[in-house]
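A short worksheet on the structure shown next.
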Amino acid sequence: MSKRWLVSAPALPEFFAQFPEHHPVLLQLLHNRGIKTQEEMDVFLGPDWSRDTCPPSSFRNMPAAVSRIFDAFLNGEVITVHGDYDADGVCGSTVLVSTLRDISRALNFDESKINYYIPHRELEGYGFSMDTAEQLKDKTQLIITVDCGISNKPAIDLAKSYGIDTIVCDHHTMPKELPESAILIHPLVPGETFSNKHLCGTGVAFKLASALIDEARIRGAAFPPGHEKWLLDLVAIATVTDMVPLVGENRVLEIFGLLVLNKTKRPGLRALIEIAGGKIGELDTTSIGFQIGPRLNAAGRMAHAYDALELMIEEDELKATEKAMKLQATNKARQARSDEMYKEAKKQLVEPPAGCIILFQDGWQAGLVGLVAGKLLNEFNLPTFVFGKEGDHFVGSGRSTNRVDLMPALHAASMHLEKYGGHPQACGLSICGADAFEAATKIMRETLAVSMVEDDAVATLAVDAEMKLEDVSWSLVEGIEKCKPFGMGNPTPVFSARSVTIVGLGTVGADGKHLRLTVQSSDGKILKMIGFSFGFYSETLLLNEVIDIAFEVSVNEWNGNRELQGRIVDIKNHRS
């Protein structure tokens, strides 16, 4: 189905005149992303580590957190890093476990006192639980949560009653009650002085690790300058997989993180990249999104996230290869099962859905329902909740467009929910009992219905600029390259060309899955285009038909040759 195109308004002529040294299309891209001053352009186009990153010390509670951790070192206490089971939680846990071990070795503390814990997604659920507090009461004296904890006040308070202190490193939406007995390192806590409010969980863990390394140097550790930057490969992965905006400091972390990722020293990560088909030296955000991230997430979805964490902290190359192969097999199983669940979910939708989509089924795995919800969201553009049911227990995930916030619906139904948390567009929740499920989902539907307007169900496509085919040039490609890395908040630029004529039409790939077009403008300019998974259009398009087309500008490389091409994003009949 063709989408409604939202074409950005052109920047004013004086904006272009102010920066004549830049390509006009690059300026339009910057303008669309809210970058309008020389200072903002300097950060975006030429990020500087010292100038453009926020010091860890600007977290209000960072001194208290660092002091408590070094007290634990000095007193021989056990420190347990409690992570989440997704890629962000795994990477953040790796950041802290490896940093605490490095400090132990550098300052002759007992490295065996550094432990880690990640809950089983299906058996224990998200976050730091009361059961975990009970398990750890005689085994640890300090817990550091990563990518979780802010919504776990009961468990944190219980741990405190057992003499266990907690430091929370999290970034999720604020709950109604904060765990005030913990030391909170969280950019969204009311009154927090840290300026970047959009860090991923690993980003928060990286700030704590950096502060710990600084303190270790003061205490005599011979860490070289920039030692903490070797952690940025993990920050780069998590920033992409957790879909935080790639603007401001996050963009700086991602750019430097990709540099580190492309020369990472981690045997496990290097083995995983090779098995996934990646190539060290050529990794980008797409490599993270389609090769690295899904495999790290597969462990927590299908088995236990320990498989991913232990791969990332493995120092032996042979063992790292074995663990990477195991994760690869887990990911293949994840792909097959999630595809099966998606087909089962589609069968429940006997007619085009309206409002929001809420589905459940016995046997659907809790670790995969979020993937199914995401696929349904992409197809129907409606807020979607998918639950796995076991007995009378429902565990689900929600996904939504950037126009509809899920959290008010969860807050409204909270009296019927066992646990919930997340972000406006992605959340997790669990419900105990069929009656509670019916009551909760009824409230969720009603709340979302009030907040949604008719247009929210119409899929939209953000278009950066309309252009003529003759505007597609190598200088344009150079300008687009300056905007990388692309991701959430800084998407790959999309352009539209109106009234172009199809002068070449065909398909490529197995079963004609991909569309090949050659289009021509009224003044004779010709551009080749490829549409991945657009092969079905070949049955409705005709030679010499006039269309409007939305596309990304790309470079086709083959046999040592390079040529400009368009990557099709959407097609409209010009008359429409």
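The values are calculated or read from the model by the stated rules, or taken from the named source; none is laboratory data. Values in this document were obtained by computation on a predicted structure and should not be read as measured data. Heads up, the Cβs are rebuilt from the backbone with ideal geometry, glycines too, and the neighbour counts pull from every protein chain shown.
Couple of notes before you dig in:
- If you check G300, G370 for being crowded, with 21+ Cβ neighbours inside 10 Å and either of a type in the set (A, V, I, L, M) or in contact with a Phe, Trp or Tyr (Cβ under 8 Å, 6 or more places away or on another chain) (or both), only one passes: G300.
- The lone exception for I164 - which of (1) within 25 Å of S58 (Cβ to Cβ); (2) surrounded by fewer than 22 Cβ atoms within 10 Å (Cβ to Cβ); (3) touching a Ser or Thr at 6+ places or on another chain (Cβ under 8 Å) it fails: (1)
- Within region 247-305, the set of residues being more than 19 Å from the chain's Cα centre (by Cα), part of a helix (DSSP H, G or I) and free of Cβ contacts under 8 Å to residues at least 12 places away in the same chain is empty.
- Selection status of G92, part of a loop (DSSP other than H, G, I, E, B) and modelled with pLDDT of 95 or more: no
- Residue satisfying condition, being under 13 Å from A209 (Cβ atoms) and not in a helix (DSSP H, G or I), within set V81, V97: V81
- The listed residues are G293, G257, and the only one of them that is under 21 Å from D307 (Cβ atoms) and either at pLDDT 95 or above or surrounded by fewer than 18 Cβ atoms within 10 Å (Cβ to Cβ) (or both) turns out to be G293.
- Condition check for A497: under 26 Å from N402 (Cβ atoms) and of a type outside the set (K, R): yes
- Unique match (being among the polar types (S, T, N, Q), under 31 Å from the mean Cα position of the chain (by Cα) and either modelled with pLDDT under 90 or in the same structural domain as F380 (by TED's automatic domain parsing) (or both)) among S496, S533, S522, S538: S533
- The residue that is nearest to K176 (Cα to Cα), among those in region 115-156 that are of a type in the set (G, A, S) and crowded, with 20+ Cβ neighbours inside 10 Å, is S151.
- Just one of the numbered conditions (1) surrounded by 19 or more Cβ atoms within 10 Å (Cβ to Cβ); (2) acidic (D, E); (3) not assigned by TED's automatic domain parsing to the domain that holds N152 is not true of D84: (3).
- Test result for E192, in the same structural domain as V66 (by TED's automatic domain parsing) and under 24 Å from the mean Cα position of the chain (by Cα): yes
- Of all the residues in region 14-33, those that are in a loop (DSSP other than H, G, I, E, B), without any contact (Cβ under 8 Å) to a residue 24 or more places away in the chain and not charged (D, E, K, R) number 2.
- Residue count, region 195-226 (criterion: under 20 Å from I255 (Cβ atoms) and either outside the structural domain of L100 (by TED's automatic domain parsing) or outside any helix (DSSP H, G or I) (or both)): 8
- Residues (surrounded by 13 or more Cβ atoms within 10 Å (Cβ to Cβ) and charged (D, E, K, R)) located in region 488-535: R498, K513, R516, K525, K528
- Elements of the type strands (runs of 3 or more DSSP E) sitting completely within region 317-401 and holding at least 3 residues that are touching a Leu at 6+ places or on another chain (Cβ under 6 Å) and hydrophobic (A, V, I, L, M, F, W, C): there are none.
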